[in-house]
There are 2 protein chains.
Amino acid sequence: MERLERHASFGGWQEVYKHESEVLKCSMNFSIYIPPHDNNEKLPVIYWLSGLTCNEQNFITKAGAQKYASEHKVIIVAPDTSPRGEFVPDDESYDLGQGAGFYLNATQEPWSKNYRMYDYIVDELRTLIDQNFPTNKVQSIMGHSAGGHGALVIGLRNPEIYKSISAFSPIVAPSQVPWGQKAFTAYLGTDQTLWSDYDAVELIKSSSVKMPILVDQGSDDSFLKEQLKPEILADVCKEKDYPVTLNMRDGYDHSYYFIASFIEKHIKFHMNNR
Amino acid sequence: MERLERHASFGGWQEVYKHESEVLKCSMNFSIYIPPHDNNEKLPVIYWLSGLTCNEQNFITKAGAQKYASEHKVIIVAPDTSPRGEFVPDDESYDLGQGAGFYLNATQEPWSKNYRMYDYIVDELRTLIDQNFPTNKVQSIMGHSAGGHGALVIGLRNPEIYKSISAFSPIVAPSQVPWGQKAFTAYLGTDQTLWSDYDAVELIKSSSVKMPILVDQGSDDSFLKEQLKPEILADVCKEKDYPVTLNMRDGYDHSYYFIASFIEKHIKFHMNNR
């Protein structure tokens, strides 16, 4: 593990590291905010998953989360959104390949060797964080857009690992929208029965455990009607009596200005559900 | 004036505009945060001046100021740092030409036609803001690095316009450091007696009015010893009994992580000095 950046921030440290991922078979960057804390103190962790085209930088430069992580004494880890590098398969479009890993384990070629972001987030990165930073192994997960999809799917499938889930503008039903259908066809193949393991709405339909879930969605999000469709999540949660909190935020769009405006509430939500 | 961006942010609006500048003889962008306010309510304005290589975007995406501007009901305007465009003179280096206007009126060629950022900030932009937004014409000024130099110089020379001045990591004595000497030689010529109008330390030496000034400086700033030299400001303020508040912040660097950590204090400082 090599430290690439270290900046004092709200009394703690915003750092960026590079490491060799065995799971993804490439070099990966992640960012980590470490709040001020006492020697020997162990801290909870929130994982943040970013959306399409993003890397480990977007959240730490734009969301303004460090203030609240400092106040609540929580570590925030923000990984990259896909495997990276010259020898990692890619696609010309912004919504497939590098920058668009969709937090799944690909089964199709040429993707299956490197595109295993699900295992990377759930196992490899979490182990690396627990081994190298002062965590108390209590974690939760949040994300934005395709990363909101990732947070919902990873959280719902691992209730023994994550205490709570939150998302900004998530793709709630990837099997039913163009972004998800394109990615799932490429990474998982055309057999749609295999897609449900990576579809939050399908996972909630078959879920036996109820996890705390918070979703914020801007009403002026340009992807709202075609790609995000929070009403599908609202409907299935109502049907299943699943206690999700879905806030529609009047006038807000898909940007980090939206995330910054409500990230405090998400961090508080996770800390209240430890 | 053309609106390029509009994002809901902390109950208000983060906007970006483009306009034709008569002073700079080119098209210019500026950003403006408008907090939530009542109809017909008039609001104070803080002008933010960014540093070398920046434009109107850096502050609004990275500083996290909108939260505090919203809470304190103050407009924040962040202009670009120089004239821009294909027909505007430029230089290959990052610290001269486009992105490095140094907030002065150039007298030397090829700069004198466009490089008039001092007049642009003090007169043209302020008039444009007052004509198009709900201001109460009470303003103050702050900035970072070369923009901290700009805020100090513009504030000190115009105590009837600006109520208070603050700066992060400012170039306090440009006549005595490489960044300033290079820029002043190019823009103002080799006669150093003409530089003092744009040198905060020289202006304080000859100042008859005492304005509230707040400066924050990181102790781990890589430009501290060669370019920033806050001790020169501290010494002249002590000598002149000028009441500047200079905070050295242990461990902080020159980045927006530093600015974000203390921007709340700067906004409160300006609001307390209205």
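Readers should treat all values here as calculations from the given coordinates under stated rules, not as data from a laboratory. All figures in this text were calculated on a predicted structure; none of them were measured in a lab. Cβ: placed from backbone, ideal geometry, glycine included. Neighbour counts: every protein chain shown.
Specify which of the listed residues (B:Glu231, B:Glu239, B:Glu202, B:Glu226) is in contact with a helix residue (DSSP H, G or I) (Cβ under 7 Å, 6 or more places away or on another chain), more than 27 Å from B:Gln139 (Cα to Cα) and not in a loop (DSSP other than H, G, I, E, B).
Answer to the check: B:Glu226.
Scan the stretch A:89-106 and tell me whether some residue there is more than 14 Å from chain B (Cβ to nearest Cβ), in a loop (DSSP other than H, G, I, E, B), aromatic (Phe, Trp, Tyr) and closer than 18 Å to A:Thr127 by Cα.
Checked against the condition, which is being more than 14 Å from chain B (Cβ to nearest Cβ), in a loop (DSSP other than H, G, I, E, B), aromatic (Phe, Trp, Tyr) and closer than 18 Å to A:Thr127 by Cα, the stretch A:89-106 yields at least one hit.
Looking at the structure I just gave you, is B:Asp90 among the acidic types (Asp, Glu) and in contact with a Leu (Cβ under 9 Å, 6 or more places away or on another chain)?
Answer is yes for this residue.
Could you check how many residues of the stretch B:263-274 are away from every other protein chain (no Cβ under 14 Å) and part of a helix (DSSP H, G or I)?
Of the residues in the stretch B:263-274, 6 are away from every other protein chain (no Cβ under 14 Å) and part of a helix (DSSP H, G or I).
Please count how many residues of the stretch A:9-25 are more than 14 Å from chain B (Cβ to nearest Cβ) and either closer than 21 Å to B:Ser261 by Cβ or crowded, with 18+ Cβ neighbours inside 10 Å (or both).
Summing the residues that are more than 14 Å from chain B (Cβ to nearest Cβ) and either closer than 21 Å to B:Ser261 by Cβ or crowded, with 18+ Cβ neighbours inside 10 Å (or both) in the stretch A:9-25 gives 4.
Among (1) in contact with a helix residue (DSSP H, G or I) (Cβ under 7 Å, 6 or more places away or on another chain); (2) acidic (Asp, Glu); (3) under 20 Å from B:Ile165 (Cα atoms), which single condition is B:Asp95 missing?
Every listed condition holds for B:Asp95 apart from (3).
Restricting to the stretch A:141-185, give me the number of residues that are in contact (Cβ under 8 Å) with a residue 40 or more places away in the chain, surrounded by fewer than 20 Cβ atoms within 10 Å (Cβ to Cβ) and under 27 Å from A:Pro110 (Cβ atoms).
Adding up the residues that qualify gives 5.
Among the residues of the stretch A:30-52, which ones are more than 12 Å from chain B (Cβ to nearest Cβ) and over 22 Å from A:Thr127 (Cβ atoms)?
A:Asp38, A:Asn39, A:Gly51, A:Leu52 - these are the residues of the stretch A:30-52 that are more than 12 Å from chain B (Cβ to nearest Cβ) and over 22 Å from A:Thr127 (Cβ atoms).
Looking only at residues in the stretch A:125-174 that are of a type in the set (Lys, Arg) and part of a strand (DSSP E or B), which one is farthest from A:Lys205 (Cα to Cα)?
Only one residue tops the list, namely A:Lys137.
What pairs come out if I take residues in the stretch B:64-75 that are at negative phi and pair them with residues that are assigned to a helix (DSSP H, G or I) and surrounded by fewer than 20 Cβ atoms within 10 Å (Cβ to Cβ) whose C-beta lies under 8 Å away, six or more apart or interchain?
B:Lys67/B:Glu264; B:Tyr68/B:Glu264; B:Tyr68/B:Lys268; B:His72/B:Lys268; B:His72/B:Met271; B:Val74/B:Met271
Residue check, B:Thr135 against (1) in contact with a strand residue (DSSP E or B) (Cβ under 6 Å, 6 or more places away or on another chain); (2) under 30 Å from A:Phe10 (Cβ atoms), all met but one. Which one?
Status for B:Thr135: all satisfied but (2).
Any chance the stretch B:132-140 includes a residue that's crowded, with 24+ Cβ neighbours inside 10 Å and more than 20 Å from B:Ala186 (Cα to Cα)?
Looking for residues that are crowded, with 24+ Cβ neighbours inside 10 Å and more than 20 Å from B:Ala186 (Cα to Cα), one finds at least one in the stretch B:132-140, hence yes.
Within the stretch A:53-72, track down each residue that is away from chain B (no Cβ under 11 Å) and either among the β-branched types (Val, Ile, Thr) or surrounded by 22 or more Cβ atoms within 10 Å (Cβ to Cβ) (or both).
Result: A:Thr53, A:Cys54, A:Glu56, A:Phe59, A:Ala69.
Counting just the residues of the stretch B:223-262 that are among the hydrophobic types (A, V, I, L, M, F, W, C) and closer than 17 Å to B:Pro212 by Cβ, which one comes out farthest from the other protein chains (Cβ to nearest Cβ)?
The selected residue is B:Val236.
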